[in-house]
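The values are calculated or read from the model by the stated rules, or taken from the named source; none is laboratory data. This is a predicted model, so every value here is computed, not measured. Every residue, glycine among them, receives a Cβ derived from its backbone with ideal geometry; neighbour counts consider all protein chains shown. Just so you know, the surface numbers come from the protein's heavy atoms only, side chains and all, with ligands and any DNA or RNA stripped out. Shrake-Rupley method; radii C 1.70, N 1.55, O 1.52, S 1.80 Å.
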Amino acid sequence: LVSAGMSYIGKRQAASAQERAQANATELEQQRFLNQANSARVQQAQANIASAQRIRSASLQAEQARARATVAAGEAGVTGLSVNALVDNMTRKEAQFRFYENQRQDMSDTNLALSMEDARMRSRMNLLGINQPINQPNLLQELVSGVQTGLSLQNQLKRYSFDQGSVASNQV
């Protein structure tokens with residue numbers, strides 16, 4: 001019975017150690033995922049700022065180009081539809097740049113959403129791998145096993161004693 005008790009205590013301590021290790025690994029995995037998600041969001045925010053800056057820069061350049069073209073045309077004495085067509089062409093190019101920049105940003109946002117879903121799924125798989133079931137010791141099972149071991153040992157001792165007795169009688 002002492003052996004069964006010691007076995008139970010040892011198994012309980014091992015299960016507790018495994019539970020602590022799983023809890024620590026789970027916490028680390030969750031923190032790793034949060035760091036990855038935060039990093040991706042920061043990169044996306046930086047990309048959004050850069051995109052907005054490119055659009056703003058293009059708008060300023062287009063506005064300046066339209067103003068220069070209008071002034072130059074006025075100084076040259078050119079007016080009417082040709083000046084309007086030139087300004088409209090510059091406005092069209094600006095709008096086209098905005099469209100492509102916004103489209104690129106939308107694709108980047110979609111890419112981020114897909115990569116975050118992939119990271120979430122990988123993290124979930126990591127957590128499933130970490131948190132495997134832990135065999136919990138069963139005191140009753142340990143006691144029954146201890147009793148069985150004791151009975152088996154007792155039978156072996158009786159058989160050995162019996163065998164020793166028959167060897168002694170054969171020698172006489």
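Could you tell me whether S57 is hydroxyl-bearing (S, T, Y) and touching an Asp or Glu at 6+ places or on another chain (Cβ under 6 Å)? So S57 does not fit the description; no.
Residues being outside any helix (DSSP H, G or I), modelled with pLDDT under 95 and of a type outside the set (G, A, S) are entirely absent from region 9-19. Contact annotation: residue pairs with Cβ atoms under 8 Å, 6 or more positions apart or on different chains, pairing a residue in region 78-89 that is among the polar types (S, T, N, Q) with a partner that is surrounded by 12 or more Cβ atoms within 10 Å (Cβ to Cβ) and assigned to a helix (DSSP H, G or I), are T79/A73; S82/A73. None of A69, A50, A37 is in a helix (DSSP H, G or I) and modelled with pLDDT under 95 except A69.
Only residues that are under 27 Å from S108 (Cα atoms) and open to solvent by 50 Å² or more (accessible area, probe 1.4 Å): list them for region 58-89, please. L60, Q61, listed by residue number. Output the residues belonging to region 29-40 that are in contact (Cβ under 8 Å) with a residue 12 or more places away in the chain and not aromatic (F, W, Y). Matches in region 29-40: E29, Q30, R32, Q36, A37, A40. In summary, Q30 fulfils each of the numbered conditions (1) open to solvent by 40 Å² or more (accessible area, probe 1.4 Å); (2) in a helix (DSSP H, G or I); (3) farther than 30 Å from I134 by Cβ; (4) not aromatic (F, W, Y) with the single exception of condition (3).
Taking the conditions (1) within 36 Å of the chain's Cα centre (by Cα); (2) of a type in the set (G, A, S); (3) open to solvent by 70 Å² or more (accessible area, probe 1.4 Å) in turn, G129 satisfies each one other than (3).
Checked against (1) more than 30 Å from Q30 (Cα to Cα); (2) modelled with pLDDT of 95 or more; (3) open to solvent by 70 Å² or more (accessible area, probe 1.4 Å); (4) not basic (K, R), D106 passes all but a single condition, namely (1).
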